[in-house]
Amino acid sequence: MTRTRIPVAVLGATGAVGQTFVRLLADHPWFELAEVAASERSAGKSYADATRWIEGAMPSAARGLRVTVCDPATVRSAIVFSALDSAAAETVEPAFAQAGRLVATNAKNFRMDAQTPLLIPEINASHLALLAAQRAARGWTGAIVANANCAATVAGMALAPIHAAFGIRTLFMATMQAVSGAGYPGVPSLDILGNVIPYIGDEEPKLEQELQKILGTVAGDAIRAAEFRVSAHANRVPVEHGHTTVLSVQCERPVTVEGAREAILAWRGDEQVRGLPSAPAIPLRLHDDPSRPQPRRDVMDGSGMTVQVGRLRADPVFDLKLVAMGHNTIRGAAGGALLNAELLVATGQVPG
Ligand code: NAP
């Protein structure tokens, strides 16, 4: 099918996640990067001048785009990807939704809002049913759809088949999160090189509440959260890209390692997602090699959209233990938001 590419905007286009959007949009078959916006500090400059580009070569089509402020009167695209700092997202994203735009956001602000889908399309495409209630409650013609926290996204993908088959009762997790998760310039090199920082501000509460919403079910105008408890430890490690998390899981129903293995191998996610441009052929890859997954070797599998699972084994205290790893700025941020928007386009839910 040939289709005219839909013009889209990136808010916060100069940051770490914004740059990932710009990179992924350069060759996107459905979307065309038409507008870039950021703070007053960057507005008025060309994208090339405003941005300290982090990785590879800046796509040539983006270089000459003029950076604007994040105002719906200036930014006209119907689909808006937000990579904004949360302080700016609080007012900017509702203003765009009010102005009739579809906002696919990475910021934390609306993730736990009762009428905002916290979308990982392979797991919970059905949560888009909330959008009618969101529009009615807020009086918006547009909408906000949120991505989960990057480490929660990685854990949620790994746990989705286990939760569907056996029901999670209790989860313990400890993350090892890449430096690109802190944005740009992020963590000072002298703090992180050869080091581990056992604290990431505001991260553990997100991990302890987002997973239950992601794995929850639609109940009327809201999500009935999955009922399990999470204890999360978040650590920053000197890895460039790729958040790793170790997980110990206790289940509601009897589970064996072999049963969990079969559930993971059989899981393909919601069929509506298959074939979308950013959907990986294999959403979860299960490793048998006990030394995998590793960020350096596995993070770009499925163009950064496949989540890696390994070391699946019995846990003497809980039922199962395993490790999961995924690309934080692709699967956990820009790639995930692109997939969300693709699902909205494919299901005819993009405002005209
Ligand atoms: P970042 O590198 O610090 O970039 C922040 C962006 O927001 C920049 O483009 C900045 O523009 C813009 N901005 C800041 N204040 C603004 C204002 N008052 N008005 C308009 N624009 C403003 O951060 P990041 O890591 O890309 O993260 C972006 C968002 O994604 C955050 O909400 C973060 O929590 C979330 N997130 C990040 C990751 C990750 O792995 N990094 C993963 C998931 C979610 P200027 O350059 O003009 O200052």
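Coordinate-derived values only; no laboratory data. Just so it is clear, the structure is predicted and the values come from calculations on it, not from any experiment. Note: ideal-geometry Cβ built from the backbone for every residue, glycine included; neighbour counts use all protein chains shown.
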Extending each Cα 7 Å along its Cβ direction at Ala266 and Val350, get the distance between those two points in nm, one decimal.
-> 3.6
Which residues' amide hydrogens lie under 5 Å from the amide hydrogen of Arg236, considering only partners 5 or more residues apart or on another chain, with H built in the peptide plane?
-> Gln177, Ile197, Tyr199
In whole µm²/s, the translational diffusion coefficient that Stokes-Einstein assigns to the range 175-277, given a Kirkwood hydrodynamic radius over C-alpha pairs, 4 °C and 1.567 mPa s, equals 77
DSSP beta bridges in the range 160-312 [antiparallel fraction, %, rounded to 5] = 50
Along the range 317-331, what does the Karplus equation 6.51 cos²θ - 1.76 cosθ + 1.60 (θ = phi - 60°) give for ³J(HN,Hα), rounded to whole Hz, x for Gly and Pro?
-> 9, 8, 9, 10, 9, 7, 10, 10, 8, x, 6, 6, 8, 9, 4
For the chain, with a Gaussian network of springs between Cα atoms less than 10 Å apart, report the residue from Gly302, Gly44, Gly201 with the top mean-square fluctuation.
-> Gly201
Hull shadow area, averaged, the range 12-103 [alpha-carbon convex hull, nm²] = 5.5
All-pairs Cα distance distribution in the range 150-327, expressed in whole percent, bin size 10 Å = 10, 37, 37, 14, 2, 0
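Take every Cα pair under 8 Å in the range 150-327 that's 6+ residues apart, average their separations, divide by the length, and report that relative contact order as a whole percent.
Working: 354 pairs, mean separation 51.3, N = 178.
Relative CO of the range 150-327 lands at 29 percent.
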Ranked by GNM mean-square fluctuation in the chain (Cα springs under 10 Å), the top entry among Met176, Met58, Met157 is Met58
Neighbour cut-off at most 16 other Cβ (10 Å), DSSP loop, GluC sites (Glu not before Pro), the range 130-230 | Glu227
Please report, to two decimal places, log10 I(q)/I(0) for the range 108-222 at q = 0.18 Å⁻¹ as given by the Debye formula with identical point scatterers on the Cα atoms and no solvent.
-> -0.96
May I ask you to list, by number, the DSSP H helices of the chain whose Cα span along the axis is at least 20 Å and whose average Kyte-Doolittle hydropathy reaches 0.5 or more?
-> 150-166
What's the center-to-center distance, using Cα atoms, between the range 2-49 and the range 217-255 in Å?
-> 31
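Express in nm, to one decimal, how much length is gained between Ser86 and Arg274 on full extension, taking 0.36 nm for each residue of separation and deducting their alpha carbon distance. List each step's numbers first, then the result.
Working: separation 188, 0.36 × 188 = 67.68 nm, distance 3.11 nm.
Full-extension gain reported as 64.6 nm.
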Relative contact order (%) - criterion: Cα under 8 Å, at least six apart; region: the chain | 18
Report the Stokes-Einstein translational diffusion coefficient (µm² s⁻¹, integer) for the chain, Rh taken as the Kirkwood radius over Cα pairs, at 37 °C with viscosity 0.692 mPa s.
-> 162
Using alpha carbon centers only, the range 306-337 is separated from the range 122-147 by a whole-angstrom value of 27
For the range 256-352, what class follows from the C-alpha gyration tensor (a ≥ b ≥ c being the square roots of its eigenvalues): rounded when a/c is under 1.5, otherwise prolate if a/b is larger than b/c, else oblate?
-> prolate
Trypsin sites (Lys or Arg not before Pro) restricted to the range 24-54 and DSSP loop, no more than 11 other C-beta within 10 Å | Arg41, Arg52
In whole Å, largest first, the alpha carbons of the range 230-302 cover along the principal axes 36, 35, 26
Charge sum, other residues only, whose C-beta stays under 13 Å from Ile330's C-beta, Lys/Arg counted +1 and Asp/Glu -1 | -2
